[in-house]
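Below you'll find the structure, written out as structure tokens, and then a few comments.
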Amino acid sequence: MRRRHPHRTEPAIPNPPAPTPPARPPGTPAPAQSRSDDVLKVHRLAHSGGSAAVLRWLGARLGGWAGVVGTAPVPDPRGAADPCIPELALRGAAELADRGLRSAVLDGGASTALLFALGEGRALAAVLRPPHDPAAPALLADAAVPLALVLRAEEAERREQRAELAESRAREAVLHLLMNGRLSTAHQIAEALSPSLPEPMRMYVVACRPGERTAVARLCGELTGGSAWVVRCPVYEGHLIVLVPADGPAGPDGDAGLGAVVAAAVPGCAVGASGELPLREAPAAYTQAFHALAVARSRPGRHARFGPGPEPELAAHAAGAGWAAAVLAPLHTYRPRRPQDPGAQELRATARAWLDFGPHATRLLKVHRNTLATRLRLIESLTGADLSRLADQAALSLALRLAPDGPLSAPAGPGAPPADIGAGLDAVLCHPDLAAWARAHLAPLTGPDAPPGAYGTVRAWLRHDARLAPTAAALGISVPGTRKRLARMETVLQRSLLRSPSARHDLWLAHRAAELAEPDAEP
């Protein structure tokens, strides 16, 4: 007998692993509890992963192909069957439809197809190699009921998504009509969607995360009792445009109450509100709300209302209506040579979209960038504007806001020279109403709250066509430093400068009007 050493321990003998049950060969009956386990598994997969998860598990469980095939005839003769579906399953589906059966087994020699009708022209099919599991028919019959239910639920969800997309596109169309002054058509579409468009109204621009837009839109509807007209912004992915009746409640400091509540309820959200305007001035309301949004981003409460002061088109209406009509007459009376070419209304909408959003106008107009470039060249040839220059951009922007949509004179002949967009603008800007507006517009840049050199920074930016790189070179600072200075000017002016729609056009007009009023003055 071997003596055990007092300080030495014997190595422990591990327990032997439990024997793995042998795989059940095809053709042998399943255990008694297997069917109930399979049914429970199918229901869990249908709830958590949908029809795709159920079909994947059935294929793996039965060792073959499992899928859904159509039993209804294809209405389009050009339609082709899915190449992933076995031919035997398609033949079985045809037999099921021809004979009006609920289930069928089709023997193809090398494989067998088992089919169970799901309703609505569909059937659950499995293609298995013989000898297949004898429990396969019972398993497929058990899976057919939850699979049919989950397929209907998925189809209902797809229909709901299509309906939501259609409504979103229709609301966006209403927004386009409002921005282009076509109020009658906008009202007709809005009445079909509900609610009615508010008149007069206040417009909000809400900036939030793109995934939160649905929840924020629902919140705006609840806060306004269903009277808010909500549109997903077609240009900025995280923006919502909300129109509410102008007689809604007002919050502290003159800010609209809706903006304060939404900004407080949604973390990271910012809200800008316009003044109270008639519906026909929707473009001005959007610009006001967007400028207010730029201010709201830097405020602790994350909401702001458009600051005081008239719009330039209101101040310039008496002096500039005739000038704008003359400038835009070639555009309003333009007739395209081909039916597929844009007409006067489309060119006007293109000009406004580009002046407001720059290259992002392609998202608003739903056109290719090359199409946009072609239209802009045509607009330049008709108006005589050089749209690479900020001065011509500002002049065209003011003219579009002052002139009506309709033709103003007889159509220009094919050889008529283009208009001179700058001719007569100085006379408009010398009007006392414009001079007073310009002083009020530029006053914050020289006021007590303005940082040092504020007016000089903005003036250099305007002189270099609102481009950051040449402005930075003229100021002797870096491009990021110039951008930071202009961002501070947004808070001072309560206007957006760096993001479109930018106040650069109004600033150029105000600066030019101030120069004409006091040519020897140096701020």
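The values are calculated or read from the model by the stated rules, or taken from the named source; none is laboratory data. Please read these numbers as outputs of a predicted model, since none were measured by experiment. As a convention, Cβ positions derive from the backbone with ideal geometry for all residues, glycine included, and neighbour counts pool all protein chains shown. Accessible surface areas use protein heavy atoms only, side chains included; no ligands, DNA or RNA. Shrake-Rupley method; radii C 1.70, N 1.55, O 1.52, S 1.80 Å.
Filtering the range 131-142 for residues that are open to solvent by 20 Å² or more (accessible area, probe 1.4 Å), within 16 Å of I85 (Cβ to Cβ) and more than 41 Å from the chain's Cα centre (by Cα) leaves an empty set.
Kindly indicate which of A113, A123, A143 is outside any helix (DSSP H, G or I) and touching a residue at least 40 places away in the same chain (Cβ under 8 Å).
Details: A113 fails: touching a residue at least 40 places away in the same chain (Cβ under 8 Å); A143 fails: outside any helix (DSSP H, G or I).
Of the residues listed, the single one that is outside any helix (DSSP H, G or I) and touching a residue at least 40 places away in the same chain (Cβ under 8 Å) is A123.
Set side by side, the residues P198, P134 differ, and just one is part of a loop (DSSP other than H, G, I, E, B), closer than 22 Å to I241 by Cβ and in contact (Cβ under 8 Å) with a residue 24 or more places away in the chain, which is P198. Got at least one residue in the range 87-98 being under 15 Å from L58 (Cβ atoms) and not small (G, A, S)? Checking the range 87-98: not a single residue is under 15 Å from L58 (Cβ atoms) and not small (G, A, S). From the set of residues in the range 498-514 that are open to solvent by 30 Å² or more (accessible area, probe 1.4 Å) and not small (G, A, S), which is nearest to the chain's Cα centre (by Cα)? Ranking the qualifying residues of the range 498-514, first place goes to R499.
The condition of being within 17 Å of the chain's Cα centre (by Cα) and either under 29 Å from S184 (Cα atoms) or part of a loop (DSSP other than H, G, I, E, B) (or both) holds for T214.
Every residue, every condition in (1) assigned to a loop (DSSP other than H, G, I, E, B); (2) in contact with a Lys or Arg (Cβ under 6 Å, 6 or more places away or on another chain); (3) at pLDDT 55 or above, yes or no:
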{"residue": "P16", "(1), (2), (3)": "yes, no, no"}
{"residue": "P22", "(1), (2), (3)": "yes, no, no"}
{"residue": "V69", "(1), (2), (3)": "no, no, yes"}
{"residue": "P77", "(1), (2), (3)": "yes, no, no"}
{"residue": "P83", "(1), (2), (3)": "yes, no, yes"}
{"residue": "L90", "(1), (2), (3)": "no, no, yes"}
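Can L219 be described as more than 15 Å from the chain's Cα centre (by Cα), buried (at least 18 other Cβ atoms within 10 Å of the Cβ) and farther than 24 Å from L400 by Cα? When the stated conditions are applied, L219 passes them. Under 7 Å between Cβ atoms, at least 6 apart or on separate chains: pull out the pairs that start in the range 272-283 with a residue that is touching a residue at least 40 places away in the same chain (Cβ under 8 Å) and end on any residue that is in a loop (DSSP other than H, G, I, E, B) and among the acidic types (D, E). Qualifying pairs under 7 Å: A273/D255; P278/E199; L279/E199.
Scanning the range 425-444 finds no residues that are surrounded by fewer than 19 Cβ atoms within 10 Å (Cβ to Cβ), modelled with pLDDT of 80 or more and at positive phi.
Which residues, taken from the range 201-211, are in contact (Cβ under 8 Å) with a residue 24 or more places away in the chain and either part of a loop (DSSP other than H, G, I, E, B) or within 22 Å of the chain's Cα centre (by Cα) (or both)? Correct list: R202, M203, Y204, V205, V206, A207, C208, R209, P210.
Counting just the residues of the range 473-492 that are of a type in the set (A, V, I, L, M) and in a helix (DSSP H, G or I), which one comes out most open to solvent (accessible area, probe 1.4 Å)?
That would be A473.
Condition check for R495 on (1) within 30 Å of the chain's Cα centre (by Cα); (2) at pLDDT 90 or above; (3) open to solvent by less than 50 Å² (accessible area, probe 1.4 Å): one failure, at (2). Comparison of D449, D386, D392, D420 shows that the only residue that is open to solvent by 40 Å² or more (accessible area, probe 1.4 Å), at pLDDT 85 or above and acidic (D, E) is D386.
Restricting attention to the range 145-169, the residues being modelled with pLDDT of 90 or more and of a type in the set (G, A, S) number 3.
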